[in-house]
Amino acid sequence: KLSNNAFVNVTGKGSTVLSKGASGSTIIGVGNNVVVTMDIFNVVLDGNVTELLSFSNNVSVYCPHSTSYEESCKIAVNGSSYSHYHCVGPYCVVNYTSSSTYDTVNCTGDFCSLSDKDSKLNVFQCSGLNCSMHVDNADTNSYFVAKGTVGAVIIVGNSKDVGVSGYGGNANTTVNITNSLYTDGHCVGSNCQVYMTNSNYSKPRCNGQGCLAYGQNLFSGPVAVKVKCEGDGCLATCENSYNCTASCKGAGCSSHCQNNTVCSSLCEGEGCNATCMQAVGGNCSTER
């Protein structure tokens, strides 16, 4: 508790570290079922309770031989700032549930899982086959799918001012964003898919062969919501929105507007296709 500049190294199946209010410390855990928890330390001063977050720590856990979530290594963060967290190994788990700020959080390994709730001003990344990130009530965070990752799943809900993106060499990424504000959902890589629903002042877009960008019930005031895809055979679709532009770029790409009040469907590329079906009393146009 309240340790400063400490170095903690635990090795062995089932090892556990509980840290409260640590500062400037390094914590390393190795082995299946290793669990590191970073928590708030409550201090009573003059009859008032003050919460002290963990601050400026480096925490890493490694479980290279785990074969399930039940035996994986785990990091739990309940209060932190300016710290780095890295969970490495198949099925490794990071549970980040706090109003922490300025942290960087990584899960690396096939099927690794990262959850984030109620945090602000942090950066998260997952890598490995079918890695996943589940986000709820986040504010001004960034989420990345590392280069070369296949089959990542990112689910974002009830958030604002967040960005989701990827790098080259990714494939089959799925991004699903709901009930969010000022959010940029960007999937990168062949056959990636980004779905955005019931979100305002936000934009779904994708880059990659056969990728999909889909928007439904989107609103952006007097400015058209932009749903974009770029890549051969990609598809951009906008549906049930007030004012929307669906655009695609690439050979054989398609853009489609469906049941919008005002919508433009634009395509650019050899053999591209632009279609538009307006809502009753609405206005719809296509351009190739």
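The values are calculated or read from the model by the stated rules, or taken from the named source; none is laboratory data. Values in this document were obtained by computation on a predicted structure and should not be read as measured data. A quick note on method: Cβ atoms are made from the backbone with ideal geometry, for glycine too, and the neighbour counts reach across all protein chains shown. These area figures cover heavy atoms from the full protein model, side chains too; ligands, DNA and RNA do not enter into them. Shrake-Rupley method; radii C 1.70, N 1.55, O 1.52, S 1.80 Å.
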Sequence of Arg205, Arg288 when ordered by accessible area, the most exposed leading, probe 1.4 angstrom: Arg288, Arg205
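DSSP loop (so not H, G, I, E, B), at most 15 other Cβ within 10 Å: list which chymotrypsin sites (Phe, Trp or Tyr not before Pro) in the range 139-202 pass both filters. Please report the intermediate quantities before stating the final value.
On the way: sites: Tyr143, Phe144, Tyr167, Tyr182, Tyr195, Tyr201; in loops: Tyr167, Tyr182, Tyr201.
Sites meeting the loop and neighbour criteria: Tyr167.
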For the range 5-54, the fraction of alpha-carbon pairs in successive 10 Å shells from zero, as %: 25, 41, 23, 10, 1
For the chain, with equal point scatterers placed on the C-alpha atoms only and solvent neglected, what are the log10 I(q)/I(0) values from the Debye formula at q = 0.09, 0.15, 0.16 1/Å, to two decimals? -0.49, -1.00, -1.08
If amide hydrogens are placed 1.01 Å from N in the peptide plane, which non-local residues have theirs closer than 5 Å to the one on Glu268? Cys248, Lys249, Gly250
For Lys120, counting only aspartates and glutamates whose alpha-carbon sits under 19 Å away and dropping same-chain residues fewer than eight positions off, the answer is Asp39, Glu51, Asp103, Asp136, Asp139, Asp161, Asp184
Mean shadow area of the range 153-288 over all directions, Cα convex hull, nm²: 6.9
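If you restrict to DSSP beta bridges whose two residues both lie in the chain, what percentage is antiparallel, to the nearest 5? Provide the component values of the computation, followed by the final result.
Values: 5 of 138 bridges.
About 5 percent, rounded to the nearest 5.
With the Cα gyration tensor of the range 94-232 giving a ≥ b ≥ c as the square roots of its eigenvalues, does the rule (a/c under 1.5 for rounded; else a/b larger than b/c for prolate; else oblate) give rounded, prolate or oblate? It would help to have the intermediate numbers written out before the result.
Numbers: a/c = 2.14, a/b = 1.08, b/c = 1.99.
It comes out oblate by the Cα gyration axes.
When N counts the residues of the range 218-288, how does its alpha-carbon radius of gyration compare numerically with 2.2 N^0.38 Å, as a ratio? List each step's numbers first, then the result.
On the way: Rg = 11.1 Å, N = 71, 2.2 N^0.38 = 11.1 Å.
Ratio of Cα Rg to 2.2 N^0.38 Å: 1.00.
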Take every Cα pair under 8 Å in the chain that's 6+ residues apart, average their separations, divide by the length, and report that relative contact order as a whole percent. 7
Which cross-chain or sequence-distant (5 or more) residues have an amide H under 5 Å from the amide H of Leu129, H modelled 1.01 Å from N in plane? Asp110, Phe111, Val150
Integer Hz, Karplus 6.51/-1.76/1.60 couplings in order for the range 24-31, x for Gly and Pro: x, 9, 10, 10, 10, x, 10, x
Residue by residue through the range 44-54, the couplings from Karplus 6.51 cos²θ - 1.76 cosθ + 1.60 with θ = phi - 60°, in Hz, x for Gly and Pro, are 9, 10, 6, x, 10, 8, 10, 8, 9, 7, 5
Ratio of Rg to Rh over the range 1-124 (Cα coordinates, Kirkwood Rh, two decimals): 0.99
For the range 34-89, list log₁₀ I(q)/I(0) at each q in 0.14, 0.17, 0.20 Å⁻¹, using the Debye formula over Cα point scatterers of equal strength and ignoring solvent, two decimals each. -0.48, -0.62, -0.74
Euclidean distance of C-alpha centroids, the range 53-111 and the range 124-147, integer Å: 12
